[in-house]
Structure formats: structure tokens, C-alpha cells
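As C-alpha cells, the structure follows; a few thoughts come after it.
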Amino acid sequence: MKKIKFSILLSLAVFTLCFVVKAQPTIQSQSTGNPLLPGYFADPTIKKFGDWYYIYATADGVKLASGEPSVWVSRDLKFWSNYELDLQVPEGLTNCWAPDVILGKDGRYYYFMGNCQFGCNIYGYVSDSPMGPFKPINEGKPVIPVGTAKEHLPALDAQFLVEDDGSVYSWFGTWCTSFKGMGLVKMNPENLGEIIGSHFIPIAEIPLAFEAAYPLKYNGKYYLMYSAGDCRLSSYAVHYSVADKPEGPYTPGKNNPVLSTNSDGTIDGPGHHSVLQEGDKFYMVYHRHDNPHSTGGEFRQVCIDEMKFDAEGNILKVEAGHSGVQPFKIKNQPKNLALGAKTEASSYYHLISKKTVYSQGDYNYSYLPGNAVDDNNGTLWRAASGALPQNLTIDLGKPTKIRRVATEFEYPTYYYQYKIEVSKDNKKWVVYSDKTNNRTSGCPMIDDNELTGRYLRLTITGTENSGMLAAVWNIKVFDKRFDLPPFANKESNIGPGATSTGSLLADFNAEKIIDSAIPNAGTLGGQFEVVGELKTKTVEGIKAFELDGSNYLKLTKPAPASLDWNSAFTASVWVYNPEVAEGECLLAWNSREIMLQSSYAALMYGTAKFGAVAHGDWAVDLPFSPLPEKGKWHHIAVTFDGLLENVYVDGELNNQQPIYLFVQATDILIGASGEPTENFTGYISRAQLFDKVLTSAEIRDLILQTRPNKN
């Protein structure tokens with residue numbers, strides 16, 4: 001499944017200011033055990049097969065949790081490596097949500113995951129290895145279809161329990177509060193694609209249950225753990241009920257919720273967990289929101305903490321924290337020489353924003369270079385923009401023999417192109433590793449050599465997708481090597497992403513209309529073709545293209561790859577709207593075919609939540625605040641720098657939010673989005689599209705330069 005193709009719309013809300021700096025003060029080490037993994041992952045299922053620990057999880061931080069399916073492997077619960085799974089999903093599916101893996105009676109490994117694109121179903125796969133490759137069972141059809149156990153009940157978040165006698169049960173369901181309960185099925189252990197019995201567990205037995213069932217058998221009792229609340233918000237928490245048999249009846253447990261947001265908000269919205277038993281100890285592996293919290297609530301990270309029972313068998317409240325747990329088996333692990341070292345970078349991003357529904361408070365956070373050497377998976381160094389190259393320099397303090405460098409980039413399942421250099425004096429550099437043509441993802445990226453130097457410089461030169469900001473969770477330097485998992489990812493045939501041309505791509509001017517072939521004054525060239533009837537009208541002395549809801553303009557040249565994915569842009573329109581409807585499109589340049597969260601962006605003019613910028617999901621759409629007055633000429637613009645989206649009306653900031661985009665550049669449309677109900681009715685005098693971000697001062701200058709002439 002390399003690479004999944006998407007298109008949709010999502011969410012975010014909150015921040016930023018960019019700073020480009022050279023030197024960076026020393027940062028006190030913040031080494032932690034939580035988050036456990038460097039990256040955005042949710043709904044973790046932890047397993048131990050043989051001597052290896054495995055974490056299967058939803059790949060978060062991408063298009064409504066639509067990242068590449070992968071697995072994390074470790075021998076000690078400290079050093080984790082990420083590998084993409086070879087998974088033959090049905091054509092058209094882009095989500096692999098909340099996976100679980102069990103060892104079947106036949107000695108093979110069965111992978112189950114949920115998806116809601118053809119109805120909310122659970123699909124099953126099988127492999128001879130917990131690493132795959134996995135092939136479909138049940139001829140690719142759902143093994144637990146939507147409506148199992150209760151009509152229309154979504155079959156998501158399935159977790160399996162294998163009894164000592166070989167019986168196999170699975171608990172599942174989401175939106176359980178709405179469906180008044182949760183589903184349970186018994187599977188045929190000889191054929192794990194066949195259901196041989198089903199049952200419905202009423203909500204009274206599992207109060208507040210929303211999703212994320214996790215069954216656990218302890219001292220002969222069945223513990224049905226689950227998550228309550230909204231997974232995007234601080235209300236998310238873990239509860240449990242207890243029964244004498246899988247079907248129940250269940251009695252709510254004591255101490256609920258046993259895992260919840262902590263008092264200072266640094267552990268926010270924890271939930272959707274699994275449990276690892278190691279001897280007589282139990283460990284809860286769960287996700288929480290990233291810290292600082294990204295918008296939309298779907299940039300989650302995996303954590304681990306010990307879970308305990310009291311003498312009566314009640315689950316005690318989990319003391320969730322940042323320290324995690326001690327590694328189980330750590331032998332001759334070499335010291336990370338970069339931990340707490342002095343750093344400097346080509347730039348870093350500073351985010352400032354007011355509180356949103358997804359945050360505990362206002363934002364004022366810097367993605368400092370020192371974050372890359374603090375051994376903390378909850379902090380990032382992130383460059384100030386999507387411009388490349390970007391570099392990070394580490395001062396090891398003295399000349400050191402460097403035999404291994406392990407780099408953990410922001411997105412483990414997308415590749416980064418880079419080089420590592422070493423220097424004794426921070427002036428003359430020797431190449432340690434050149435991966436400027438790399439097309440293989442992984443985490444950590446391992447580079448081995450043997451050079452001596454005091455300074456180490458990482459330069460990121462390219463990314464798999466356009467507009468991905470250079471960003472690193474951790475970079476670790478070792479003078480010794482150690483054993484690595486015997487797996488490797490395949491090289492990608494995608495990308496690398498395009499870089500910005502920094503230009504005005506499309507420029508429509510109604511004053512230049514002579515006939516139906518309207519030239520584009522932007523660098524893309526081509527012409528604006530009229531779809532429908534060409535109408536012009538002078539409104540308050542200004543010549544404009546008149547749109548009646550059936551006509552619009554389409555550029556004959558498609559939007560370039562420099563507007564793909566998360567690339568910076570500015571869209572600018574001079575517009576007169578006689579009556580403001582719910583949502584009408586002024587300018588669009590990317591596909592809305594699938595409409596997953598944050599995979600669409602269009603400049604709008606309407607009253608709805610998506611009235612200013614549409615992203616296809618109410619959680620991340622952006623409204624006007626306030627709404628531009630109808631029956632007047634306005635200059636409306638939206639800018640995006642790779643992390644922050646700003647909407648300007650007549651040169652003044654109207655609204656903003658932080659967001660990460662996953663768009664696919666297609667046709668450039670003026671007055672339409674591709675959805676006829678969003679066609680604009682009104683008048684447009686000028687429309688421009690740049691593949692770069694304009695500052696607020698540049699927006700004001702643009703207004704002066706493009707203000708329409710009155711006849």
C-alpha cells in the first residue's frame with residue numbers, strides 16, 4: 001500500500017509567527033519516556049510475539065488519520081523502529097483505523113482494521129509474520145460488517161480476545177452512546193473470517209461508552225475497557241466494566257475514569273488504549289494529544305504507563321505522566337552523545353495563538369533547534385517555513401568519534417532527503433552521509449560511518465510531499481553501533497515534492513475581458529475559459545465578471561505541483577456579493593473528490609462555518625469573523641505558510657487558524673469549487689493565485705496595486 005491516495009477535508013485551529021534565526025541558546029535536557037513513539041499515531045495495540053514488542057496503530061496527523069499503515073517494533077520498549085506494512089486493502093480505501101493483530105490457531109498472524117469509506121466495517125488480513133506481507137481473508141469482504149449485533153451499528157475499533165480453549169471473541173463499535181451499546185461477536189477459530197455468534201451489550205452496562213473497546217481477562221473476570229468522550233477533546237477518558245462471561249451482564253467498575261486529562265493539561269485527552277502484560281505487571285498503552293496540541297485533535301501520540309489492580313480486582317487510576325516506564329531489557333546501549341548539546345539552525349517556527357476548542361489555553365510555543373536533542377518525543381524542531389534547504393547544527397562539545405547517527409523526522413512514513421556532515425571547527429565540513437536522493441522512509445533513519453568531529457550538521461534538502469516543513473523529533477549521535485531490527489522499507493516511487501516558484505501563477509482581470517478567451521497574466525500562462533455564459537457588468541463603476549450560479553472560469557493550465565499537499569499559497573479576490581448565502585466559492589485550485597479532513601482548500605464567501613475557507617470538515621473549516629458586509633466591494637484573501645492560515649478582508653486580519661494540508665492540485669476555478677451548489681453568484685473584478693505566502697504588509701500593498709479602476 002505505497003502510497004495511499006487521498007482527497008478530503010479536515011481540521012485545525014490556532015497559531016503562529018515565523019522567526020529566522022542563526023544561534024540558539026542551550027536547552028536543558030527534557031528526556032522523557034512519554035510519548036513513547038516519535039510521530040503522530042493513535043489507537044495503539046501493543047503485542048509481544050517472541051522476543052519482540054509490536055505496536056500497531058492508526059497513522060494520525062494525515063487526512064482524517066489516513067496515513068500509511070505501519071508497525072513499530074522494539075526489544076526493550078525504548079528503542080522503536082517503524083516499518084510500513086505491505087497490506088492489500090480494497091481499492092478505494094485510504095484509512096486503516098484502530099488495528100489489532102492476533103496469533104491464529106494455524107500459527108499465522110491475523111491483522112484486523114476498520115474503515116468507514118464503504119460503510120463502517122472491519123476487514124481482516126493474514127500473514128506468516130507479524131510484519132506481513134498481509135493478504136485479505138474472506139475474499140476481501142468485511143469480516144465484521146456494519147450492522148452486526150445491532151442495525152446500523154458501526155463496526156469499528158474491533159479488539160480480539162483469544163481464550164485458553166481457543167475461542168475467539170471481538171468487541172467493537174463507535175458512536176456507542178448514540179446506538180445505546182456495543183457489539184460482540186464470536187469468531188470461528190478455524191476461519192477467522194466467519195462469525196458464529198453475536199451479542200449486543202447495552203449502554204447501561206458500559207456507561208458513557210463511545211468507542212475503543214479493549215477486553216482483558218484477569219483472575220477469571222472479563223474486563224471490558226472503553227473510551228468515553230470526544231477523541232478530539234480533553235473529555236476523552238478510559239472507563240471499564242466487569243463481567244463473569246464475555247456476553248455480560250457487565251457491572252461498571254470502580255475508580256472510573258481510570259485514565260483522563262491531568263490537572264495541568266499536559267496530558268490531554270488520553271484514551272483508546274491496549275494493555276501489555278509482562279509477568280505480573282500490566283502496562284496501559286494509549287494515545288494522547290500532541291503537546292503543544294495541534295488543531296483538529298488528530299495529531300495524537302502514543303504513551304505508556306503502568307496499570308495496577310487492587311486486592312479486590314478493581315483497576316486503580318492510572319498515574320499518567322511524562323516519564324513512561326523503564327526499558328525492559330537494555331544491554332550495552334551506547335550513550336546518546338547529542339543529548340542536551342548546544343544547537344543552532346537555519347530557522348525555527350514560533351507559534352502564537354489564542355485558545356481554541358482543541359487546546360487548554362493560548363499558544364506561545366517555539367519549535368526550537370534544541371528540541372531535536374532533548375530525547376523527548378513530544379517536542380520538535382520545525383523550520384520557519386517550507387523553504388528548503390534547512391539545516392540544524394549540533395555542537396558535541398569536543399572532538400568525538402561518530403559511528404552512528406539516528407534521525408527521527410516528523411513523519412516516519414514519508415521520506416526525507418538530507419545529508420549529514422561533520423566538522424572539527426564548524427567551518428570545514430566533511431560529508432558523513434549523503435541521502436539527498438533518498439526515497440526510503442523509516443524511523444529512525446540510520447546513517448553509519450566513522451568520522452571524528454565536534455560539530456554535526458543535518459541539512460534537509462527535500463521531502464516526499466510538497467510543502468512538508470523540515471522537522472525532527474530527535475537526532476541521536478553514537479560512538480558505538482548496536483543491533484537493529486532485520487527489516488527494511490521499500491523505496492518509494494513517489495515524489496519528491498515540488499518546491500515553490502514564489503510567483504503569481506494565475507491572474508484574472510475583468511478589465512482585460514474582450515471575448516470568451518481571457519488571457520492569464522500569471523506565470524502559468526494559458527487562458528481562462530468561460531464555462532457557461534460570459535457576462536460582464538459595471539457595478540459601482542467597476543467592470544466585473546458577472547456570475548449567476550451557472551457560469552464560472554476555468555484556467556486551461558492545471559495548478560502546478562508547487563500547490564500540492566502542504567505548500568504555501570495566497571489566494572486574492574476583489575468581489576461584490578449582493579446577497580451572502582451559506583457558502584459560495586470564489587477561488588479553488590485542488591481536488592475535492594474524496595474530501596477527507598484537510599485535503600481540500602478553497603476561498604469562499606458565505607455565512608457557514610466554511611464561509612471563509614472550506615476544508616471539507618466542520619472541525620477545521622474557517623468562518624469569517626466578522627462576515628464581510630454584502631452589497632459592497634471587498635478585497636478578500638487567504639494566505640498559508642505551511643502551518644498558519646490567515647484570512648484578510650480589506651487588508652485587515654479577519655480570522656486565522658493553524659492547519660496542515662494534504663491537498664492535490666488540479667484545476668484552477670474562479671467562481672466555482674466543482675460542487676455546483678457552491679457556485680458563486682455575484683461579481684468578481686480580479687482574482688489571483690500565488691504559490692507563496694504574502695505577509696500582512698504585502699497584502700495591503702497588493703490591495704493598492706490591484707484596486708479596480710472606476711469608470
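Treat every Asp and Glu Cβ in the chain as -1 and every Lys and Arg Cβ as +1, leave all other atoms uncharged, and give the resulting dipole magnitude about the Cα centre to the nearest 20 debye.
1860 debye
Using only alpha-carbon positions, what ratio does the radius of gyration of the range 558-608 give when scaled by 2.2 N^0.38 Å?
1.28
With all projection directions averaged, the alpha carbon convex hull of the range 85-164 covers 5.4 nm². Projecting the Cα atoms of 189, 212, 265 onto the charge dipole of the range 137-271 (Cβ charges, centred on the Cα centre) puts 265 farthest toward the positive pole. Ordered by 1.4 Å accessible area with all protein chains kept, 116, 96 run largest first as 116, 96. Loop-located GluC sites (Glu not before Pro) in the range 268-350 (DSSP state other than H, G, I, E, B) with a sparse environment of at most 13 neighbouring Cβ atoms within 10 Å: 312, 319. Its Cα gyration tensor gives the range 31-82 an equivalent ellipsoid; the semi-axes, largest first and in whole Å, are 20, 14, 8. Of the listed residues 203, 144, 196, the order by accessible area with a 1.4 Å probe, largest first, is 196, 203, 144.
Looking at the range 602-697, I'd like the Rg to Rh ratio, where Rg is from alpha-carbon atoms and Rh is Kirkwood's inverse mean 1/r. When Rh is taken as the Kirkwood radius, the ratio is 0.92. Of the GluC sites (Glu not before Pro) found in the range 102-202, those in coil by DSSP whose Cβ has at most 14 other Cβ atoms within 10 Å are 151, 163, 190.
Note on the range 461-580: Cα-Cα pairs beyond 18 Å make up 68% of the total pair count. Here residue 435 is the anchor, and the aspartates and glutamates within straight C-alpha reach of less than 20 Å, apart from those fewer than 8 places off in the same chain, are 84, 408, 410, 421, 447, 448, 450, 464, 491. In whole angstrom, the range 383-527 maps to an equivalent ellipsoid with semi-axes of 42, 18, 10, each derived as √(5λ) from the alpha carbon gyration tensor and ordered largest first.
Temperature 25 °C, viscosity 0.890 mPa s: under these conditions the Stokes-Einstein estimate for the range 274-396, based on its Kirkwood radius over C-alpha pairs, is 140 µm² per second.
Tell me which of 597, 367, 243 sits at the most positive position along the dipole axis of the chain, charges placed on C-beta atoms (Lys, Arg +1; Asp, Glu -1). Among 597, 367, 243, the one farthest towards the positive end of the dipole of the chain is 367. If you wrap the Cα atoms of the chain in a convex hull and average its projected area over all directions, you get 30.9 nm². Tell me whether the range 327-374 comes out rounded, prolate or oblate; compute the Cα gyration tensor, take square roots of the eigenvalues as a ≥ b ≥ c, and use a/c under 1.5 as the rounded threshold. Here the range 327-374 falls in the oblate category. Each Lys and Arg contributes +1 and each Asp and Glu -1, all at the Cβ; summed about the Cα centre of the range 520-658, the dipole is approximately 280 debye.
What percentage of all Cα-Cα pairs in the range 447-522 are separated by more than 20 Å? The share of Cα pairs beyond 20 Å in the range 447-522 comes to 66 percent. Charging the Cβ of each Asp and Glu at -1 and of each Lys and Arg at +1, and nothing else, the dipole of the range 453-504 about its Cα centre rounds to 260 debye. A straight Cα-to-Cα reach below 20 Å connects residue 632 with the lysines 535, 537, 543, 710, residues fewer than 8 places away in its own chain not being considered.
Applying the criteria of a DSSP loop state and at most 10 other Cβ atoms within 10 Å to the GluC sites (Glu not before Pro) of the range 556-589 yields 579. Once all protein chains are placed together, residue 349 keeps about 0 Å² accessible to a 1.4 angstrom probe.
With every protein chain in place and a 1.4 angstrom probe, the accessible-area ranking of 512, 245, largest first, reads 512, 245. For residue 244, the accessible area of its heavy atoms, probed at 1.4 Å with every protein chain present, is near 110 square angstrom. For the range 599-647, the convex hull drawn through the C-alpha positions has a volume of 74 cubic angstrom per residue. Listed values for the range 462-478 are Karplus-derived 3J(HN,Hα) couplings in whole Hz (6.51 cos²θ - 1.76 cosθ + 1.60, θ = phi - 60°), namely x, 9, 4, 10, 4, x, 5, 6, 4, 7, 9, 6, 8, 10, 10, 10, 10, and x replaces Gly and Pro.
Among the protein heavy atoms, those of residue 698 account for about 80 Å² of accessible surface (1.4 Å probe, every chain in place).
The values are calculated or read from the model by the stated rules, or taken from the named source; none is laboratory data. Model, not experiment: these values are computed from the prediction. FYI the Cβ positions are ideal-geometry reconstructions off the backbone, even for glycines, and counts take in every protein chain you see. SASA here: full protein model, heavy atoms, side chains in, ligands and nucleic acids out. Shrake-Rupley method; radii C 1.70, N 1.55, O 1.52, S 1.80 Å.
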